[in-house]
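The values are calculated or read from the model by the stated rules, or taken from the named source; none is laboratory data. Everything quoted here is computed from the prediction, not taken from an experiment. Using ideal geometry, Cβ is built from the backbone for each residue, glycine included, and neighbour counts are taken over all protein chains shown.
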Amino acid sequence: MSEDINTPNNGEELENIIVLNDEDGNEVNFEFLDLIDYEGEEYIVLLPTEEDEDNDEVVILKVEDVEGNPDMETYVSVDDEDTLNAVFEIFKEKFKDEFNFIDEEE
């Protein structure tokens, strides 16, 4: 099962833009949606700003501090499917009145 969301403000100018580099070094823009605490760790929930009507999936990354620099943080991918699902469930509950969540069977 994949989980998608339809945002009510598709097409509007987005605020809270975060620019990250992908594995090829290309810049990718995301809209910051939320910061979730789960089991003592922080996870950032992002929505890609590239308009792709077939793909409104959020991106969940783990927030890690940069050693030696408390003012900086880095975002790393999460490989544990259970953690991703748990964080997404928290996000869905918090924003159930703001987004239309769609459950799709694979």
Exercise for the section: Considering only residues that are aliphatic (A, V, I, L, M), out of contact with any Leu (no Cβ under 9 Å at 6 or more places or on another chain) and at pLDDT 85 or above, look in segment 67-106 and name the one that is nearest to N21 (Cα to Cα). Expected result: M72
Fill in the blank from the handout: Residue pairs within 7 Å by beta carbon, gap of at least six or interchain, first lying in segment 64-77 and within 20 Å of E39 (Cα to Cα) and of a type in the set (F, W, Y), second surrounded by 10 or more Cβ atoms within 10 Å (Cβ to Cβ) and modelled with pLDDT under 90, listed first then second, are Y75/L20
Fill in the blank from the handout: All-but-one check, V58 against (1) farther than 12 Å from I36 by Cβ; (2) surrounded by 12 or more Cβ atoms within 10 Å (Cβ to Cβ), failing number (1)
Exercise for the section: Among the numbered conditions (1) surrounded by 15 or more Cβ atoms within 10 Å (Cβ to Cβ); (2) modelled with pLDDT under 85, tell me where E13 comes up short. Expected result: (1)
Completion exercise
Within segment 78-94, residues surrounded by 10 or more Cβ atoms within 10 Å (Cβ to Cβ), out of contact with any helix residue (DSSP H, G or I) (no Cβ under 6 Å at 6 or more places or on another chain) and closer than 16 Å to L35 by Cβ come out as T83, L84, A86, V87, F88, E89, I90, F91, K92, K94
